[in-house]
Amino acid sequence: MEDVYNLIQERNSYETIPFLPIHASNFFLSNLADALQTRCESLEKQYYLEQQQLLVEAHQIEEAAQDHGTNTNDNDPSTASSSENTRLRVEVAQLHSGLKEKIKKELHSTADMEARQALDSLQEEKLAQEITISSLKMELERSNEITTHLQTELENAKSLTRLSEKQFDGLKDAIRQLQVENEEKTTLNERLVENAVAEKEKMAEQFNSMNDMVEKLQKEISMLRSYNKKSEKGWFRLPNSQKESKSTTAAKGTSADDTAAAQARKWGAFGAVLPSKPLYTIKAHREDASCVMYDGTNLNLVATSSSDATVRVWDTSNGQLQATFSGGGSLPMTGVDMSGGLVTCCGADKTCRVWQYKTKRLIHQLAGHSQKITCVKLFPGEKNIVTGSADRSIRIWDISRHIYTQTTTFRHSSTANCSDVFVETQPVVTGHLDGGVRFWDVRSGDRVLDIPTLHEGGVTSVQWKPGSSHQVLTCGRDSTMKIIDVRTQSVVKTFRNSALRILSNNARCSFSPDAAGKYVACGGGDNGDVFVFDVATADLKKRLSSAHQSGVVGLAWGKGGTNGQQIATVDKSGVLVLWA
């Protein structure tokens, strides 16, 4: 009804507004006619007054002539006085008639001129009004057609609305049925999950018992081998057949092969190799990268995360892309970690995701934070994950089973930008936006140590020193790196350089992977350079330039795979550089 009312109002506006100039012109002509009428009456009145004045003057002249005639008759009566009066009367009459004709001519000429002008203007206005009326009629016809079309559309819309209401009612019924079915399936799923968990627990118990049996058997085998060695050396010898000797030789050969393979795979793990040149320069992401991490078990893999909402895994031996994981829609990924065949990442969608690298399948989606997750770290053994969030909480997640559980929550008044885990029995260390470093007991859920205002600005990176349980490397927005001793809560070393600038809360630094942690490295946030410092002297050991064209935001220093590649860096333009 409101649409019809609006259409009527619009139609009235079309039919009323165009006639307003016609009414105005009529009003103007009416006023003009009234003015002409008033002027004509004033002219007639003036004519009447002048006529009366002429009559008065003529009467005065007649009286004067009579007086003169009387005086003439009294003095000298003659016929001349009579002729003089007659002449004067004739002149007065002529003057009177001439004045009357003159006034009439003036009145007629003025009235004719004004009437002619008014008539011309009225004709012009009439012509214009006729044109306007014809255009208004055409506009009215178009308006009527539009109104008819709109009424038709309104009827169609009403019919569609009624149909939509019926469909909506049907959808509500279908949703109710689906909800009922969903509740039934949820109940069934929970029951199945409980059964599966129970079966897995039973299998785990059986597996543990089998492991115990295997350990016992291995102990017995080792004992028998020791007896066999002693028998070969001295007086005591166990009976051995050719078959047993062959199996022993094969076992020794297998053990030697495994040892050689392990040493080959860990090439570079016993010492730090300083980078000298870019081995591979890869455009890893469309947008800026946020983090880079080596795989803790397969040393030939490195993972990167980016604001393009993807995590990618690369082969360090040839620089080829091995896998791409995505999640969270278009929201950026803020952190990544990889170890034991698991890839985990966190992002601005308040969720931490865990993928199986071999199958490329998502196995966990950890939800519980109320704001974006800023950092993520896998525990040694890949059974737990620690996450830090902008909601100022730090959470520990158990992912050892098919269904994850949240075990511990730490809370603080400042956001955690980074975290690290040395071993499961050691405290978790976190670096915070207020410049402080905190240590948390995973088992009790308590904060065991707090070193506030360690950096001027936020702490962007924390890392336990390899082989040490009391030294931690930190990096801050004040463009310095520091090594702190947990036992004394003091700064052992400070590393700084005038060209080193930390401009991102995601900037990472790292110890060298050798047992002594001889070097520390960090990337420049504005010039794209990589800085390597000597831990013993705190001097700049090496500065690598020209590989990155924008600021470095992520750096990782691994033990090196089969090709010995150890350092990887990513920058704001999404470029990954693998250094040799």
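All of the numbers you see were taken from the coordinates with simple rules; none came from a lab. Just so you know, these numbers come straight off a predicted model, no measurement behind them. Cβ placement follows ideal geometry from the backbone for every residue including glycine, while neighbour counts extend to all protein chains displayed.
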Worksheet item: What is region 278-579's relative contact order, in percent, from Cα pairs under 8 angstrom and six or more apart in sequence?
Response: 15 percent
Worksheet, complete the sentence: In nm, the gap between the two label points placed 7 Å beyond Cα toward Cβ at Ile8 and Gln406 is 6.0 nm
Practice prompt. For each of Thr304, Thr38, count neighbouring Cβ atoms within 10 Å of the residue's Cβ, then give the residues from fewest to most.
Written response: Thr38, Thr304
Worksheet item: When Lys465, Lys572, Lys542, Lys172 are ordered from fewest to most other Cβ atoms inside 10 Å of their Cβ, what list results?
Response: Lys172, Lys542, Lys465, Lys572
Response to the item:
Within the under-13-Å Cβ sphere about Asn182, not counting Asn182, Lys/Arg +1 and Asp/Glu -1 give a net charge of -2
Worksheet entry | Linear extension gain, Asp434 paired with Asn144, 0.36 nm per residue minus alpha-carbon span | 97.3 nm
Worksheet item: So, with +1 on the Cβ of K and R and -1 on the Cβ of D and E, and no other charges, what is the size of the charge dipole of region 412-483 about its Cα centre, to the nearest 20 debye?
Response: 100 debye
Worksheet item: Ranking Ile146, Ile221, Ile567, Ile385 by Cβ neighbours within 10 Å, fewest first, what do you get?
Response: Ile221, Ile146, Ile385, Ile567
Worksheet item: So what is the relative contact order of the chain, in percent, for Cα pairs below 8 Å that sit 6 or more residues apart?
Response: 10 percent
Worksheet item: Roughly what would the spin-label model give for Glu205 and Leu36, points 7 Å off Cα along C-beta, in nm?
Response: 12.1 nm
Worksheet item: Mean residue ellipticity at 222 nm from the helices of the chain, using -39,500 (n - 2.57) per DSSP H segment of n ≥ 4 over the full residue count, to the nearest 500 deg cm²/dmol?
Response: -16500 deg cm²/dmol
Fill in: Selection of trypsin sites (Lys or Arg not before Pro), region 319-384, meeting DSSP coil and at most 15 other Cβ within 10 Å
Lys358, Lys360, Lys383
Worksheet item: Using unit Cβ charges (K, R positive; D, E negative) and no other charged atoms, how large, in debye to the nearest 20, is the dipole of the chain about its Cα centre?
Response: 7620 debye
Discussion item. Using 0.36 nm times the number of residues separating Glu106 and Asp173, minus their current alpha carbon distance, what extension gain do you get?
Written reply: 14.6 nm
